[in-house]
Amino acid sequence: MADPSSYRPSPGQIPDSPGVYKFRDEHRRVIYVGKAKNLRQRVANYFQDLAHLHPRTRTMVTTAASVEWTVVSTEVEALQLEYTWIKEFDPRFNVKYRDDKSYPYLAVTLNEEFPRVQVMRGAKKKGVRYFGPYGHAWAIRETVDLMLRVFPVRTCSAGVFKNAARTGRPCLLGYIDKCSAPCVGRVTPEEHRELAEDFCDFMAGRTGTYIRRLEKDMMQAAEEMEYERAARLRDDAGALKRAMEKSAVVLADATDADLIAVAEDELEAALQIFHVRGGRVRGQRGWVTDKVEAVDTAGLVEHALQQLYGEERGDAVPKEVLVPALPEDTAAVSQWLAERRGSQVSLRIPQRGDKKDLMTTVQRNAQQALGLHKTKRASDLTTRSRALEEIAEALGLDAAPLRIECYDISHLQGDDVVASMVVFEDGLARKSEYRRFQIKGFEGQDDVRSMHEVIGRRFKRYLQEKERTGEWEQTPPVSGEAPHPDSTQEGAPAPAADATDPREGDGRPKRFAYPPQLVVVDGGQPQVAAARRALDELGIDDIAVCGLAKRLEEVWLPDDDDPVVLPRSSEGLYLLQRVRDEAHRFAITYQRSKRAKRIRSSPLDDVAGLGETRKQALIKHFGSVKKLRQATIEEICQVPGIGRRTAESVAAALAAAAPAAPAVNTATGEIMEEDDGGTS
């Protein structure tokens, strides 16, 4: 626990301008981000007598080891920078709302030549029109099914569309008139786009025009005694009305608004958001958060507005946002919202009428969501805490291991040897910090030696980060090779641009920047001894090590001849098993992907300067690798884009990789012809 006075800046150092400040811990990790109209006044408040601080604020300032700030011109800039840094650094003491699920949207891909209506989740894409969010994907499909009678827009995937265009036959929806079949030319691209835009207009709330037009056409068809057409138009109008009935009118003035309600107690808060478009509730979503900082309802609302609209532009930000309490600086938040929308946004508390009544409904939903969340989570929190305490007691640790790293080795009979590192914090998986390794220090199968190499490489990186930030005064005794640059994670970040900050240039942690309190290895006494030896060689003695053997689920400690046997009903053992099984899953997934990549490889991959385009040209020209191998250099030169030097390289590579004998199917005795285009 740090003493805040040890890093307290002098009052003269802190400017009295608007700005954003960051608290960092001893590992240079950002743990809190805040903004202020007056940095000097706000930051000074954190360094008063600890007895006068809120308990959560007291925990934050005693966990921190330094504070820094950035001056900005206006309070709106401070609001935007605070949001950017919270998203970038993910500080542990900032309120962060967690969606309990990924909400589906009804999306229309107006960025394509033939727009498609579909269900979409995740990040929003440019050029796609979104409606929602909806509570369930089936609700979207029911709505779309009703509307395709009137707006027969394409809903098929790109593959189905191309196949229909190639064969000249539309899919089933094309035959039953629920798709205008642009794939076979029934409508032009312009006509299909007009249908898609009409679909979007209807979904955006402009419903009366289309229903009146259908009813007028129906009456005209009846007068002309075209009764079948009139019946069809009647059914179309009925379908649109049923689609509208799925979202009842809640605001008679066709308002576009978002309503946000908060339910909270001392520890947690739940938010409910109703998205009202054209006077109808088009979507609903809910968030929950731990109140890790001292924050009131106004602060919760401000954080919600940042998360809800921080990535949005244009009409995605409504004209009106109704909240239960106004943020501290309402003018700055309103201006920030207006800049994102491109026009004025009204941010206010509803006082009377339909909007007040609807806000009561949203508030009731928030209360129910908080109650349900607490019921579901109470046992989970208790169980995780008990598991960590049991592990600490069984292994003789001074404190519960809040960060656990587990390592596993995977291979197939000594080939494609890889390792995995998974991270659990507070008993929960932190997948963004998973890492993968290729074992390159030696060839063959040796799990003990592989474990020694992986642990050594991981913690050499940790010591390098400490040395960069000045936390390690001198280089410790190190043995073995330098960390291999190929230790990677899916989407692993690039080397940092700032060597003084243990985070990547894009805000994510540097590789291996933070130490665990416990290292778990998949295996018994030999693997545990290898891991401990790797740490000892690096001079690291403050990280506990244990192993979990699969056979009897025994926990092994370094230098102990007998294992620690946890009861089968122990929550601590269950958590260790989850960590070990996750490491095994991650390792075997990586090993299989490497093996599959190796199996799919071709001798052409080794030809310098031969890219995918020219590889495909060669295979297309000759039909298979076997026929290409039989070709002469002059015949290879006839392929467009292949010169004589490249042809000689191709011939040499194929000759070197020629099989010693034909492959035989052991089940049938059949000699397998090498007729595929990608392997040999």
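The values are calculated or read from the model by the stated rules, or taken from the named source; none is laboratory data. A quick note: this is a predicted structure, and the numbers were derived from the prediction, not measured. Neighbour counts are summed over all protein chains in view; Cβ atoms, including those assigned to glycine, are modelled from backbone coordinates with ideal geometry. Please note that ligands, DNA and RNA were not included when accessible areas were found on the heavy atoms of the full protein model with its side chains. Shrake-Rupley method; radii C 1.70, N 1.55, O 1.52, S 1.80 Å.
Modelled label positions at Ser5 and Ser73, each set 7 Å beyond Cα in the direction of Cβ, lie 4.2 nm from each other. Classify the range 41-163 as rounded, prolate or oblate, taking a ≥ b ≥ c as the square roots of the eigenvalues of its Cα gyration tensor: rounded when a/c is under 1.5, otherwise prolate if a/b is larger than b/c and oblate if not. Prolate is the answer for the range 41-163, as a/c is 1.5 or above and a/b outweighs b/c. The trypsin sites (Lys or Arg not before Pro) of the range 159-227 that meet both conditions, a loop assignment by DSSP and at most 13 other Cβ atoms within 10 Å of the site Cβ, are Arg206. In plain terms, the chain from Thr632 to Lys241 could stretch by 133.7 nm, reckoned as 0.36 nm per residue minus the Cα-Cα distance.
Remark on the range 166-232: Rg and Dmax equal 14.7, 42 Å (Cα only).
Between Glu226 and Leu372, the simple label model (points 7 Å from Cα in the Cβ direction) yields a spacing of 4.9 nm.
If you bin every alpha carbon distance in the range 605-658 into 5 Å steps from zero, what whole percent lands in each bin? So the P(r) values, bin by bin, are 4, 23, 37, 31, 5.
Within a straight-line Cα-Cα reach of under 24 Å, Lys620 can be paired with the following lysines, leaving aside sequence neighbours fewer than 8 residues apart in one chain: Lys162, Lys597.
Compared with the direct C-alpha span, the chain from Arg644 to Ser569 gains 19.9 nm at full extension, assuming 0.36 nm per residue. Stretched out straight at 0.36 nm per residue, the stretch from Arg212 to Glu142 would grow longer than its current Cα-Cα span by 22.9 nm. If the viscosity is 1.567 mPa s and the temperature 4 °C, what translational diffusion coefficient in µm²/s does Stokes-Einstein give for the range 532-588 when Rh comes from Kirkwood over Cα pairs? Value of D from the Cα-based Kirkwood radius: 101 µm²/s. Checking the Cα-Cα distances for Lys96/Lys431; Lys216/Lys241; Lys124/Lys241; Lys87/Lys124; Lys460/Lys550 against a 21 Å cut-off, the pairs over it are Lys124/Lys241; Lys460/Lys550. Listed peptides 229-240, 263-274 appear in the order 263-274, 229-240 once ranked by packing, highest mean of other Cβ atoms within 10 Å at the front. Accessible area per residue (1.4 Å probe, heavy atoms of protein chains only) ranks Glu553, Glu190 as Glu190, Glu553, with the largest value leading.
Take 559-565, 23-29 and order them by the average number of nearby Cβ atoms within 10 Å per residue, most first; the result is 23-29, 559-565. The GluC sites (Glu not before Pro) of the range 69-174 that DSSP puts in a loop, and whose beta carbon has at most 11 other beta carbons within 10 Å, are Glu113. Computed from the C-alpha gyration tensor, the three semi-axes of the ellipsoid equivalent to the range 1-76 are 20, 13, 11 Å, from longest to shortest.
Could you state, as a whole-number percent, how many of the C-alpha pairs of the range 248-365 are farther apart than 19 Å? Summing the P(r) of the range 248-365 above 19 Å gives 43 percent of all pairs. Per residue, the convex hull spanned by the Cα atoms of the range 116-198 measures out at 105 cubic angstrom. Inter-label distance, Glu112 to Lys319: 3.3 nm, where each label sits 7 Å from its Cα along the C-beta direction.
For Arg352 and Lys37, what is the calculated FRET efficiency with R₀ set at 30 Å and r taken between the beta-carbons, to the nearest 0.05? The value I calculate is 0.40.
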